[in-house]
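The numbers here are math on the coordinates, done by the rules we state, and not lab data. All values derive from a computational prediction rather than experimental measurement. Glycine gets a Cβ as well: all are built from the backbone with ideal geometry, and neighbour counts include every protein chain shown.
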């Protein structure tokens with residue numbers, strides 16, 4: 001019996017559009033509002049710059065743990 005998880009394409013369309021693109025836009029907008037480059041956000045978060053670029057391009061949906069790290073790094077007034 002195959003218990004493989006279904007591909008994202010097997011799910012109906014999300015009512016609010018593509019969640020990866022919505023997240024990508026939110027991360028880009030927040031980073032820009034803080035005046036950070038992708039490289040600076042990578043340093044601040046400890047995440048590889050390539051991962052951040054992939055997320056910001058809407059080509060990845062990060063795990064909850066990665067979202068928590070990213071959220072902390074994008075908080076206003078947070079120490080680098």
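Subtracting the Cα-Cα distance of residue 54 and residue 26 from their residue separation scaled by 0.36 nm leaves 8.7 nm. Note on region 17-73: Rg/Rh from C-alpha atoms, Kirkwood Rh, equals 0.92. The calculated FRET efficiency for residue 38 paired with residue 75, based on their beta-carbon distance and R0 = 22 Å, is about 0.80. Taken as Cα centroids, region 26-40 and region 54-76 sit 12 Å apart, rounded to the nearest whole angstrom.
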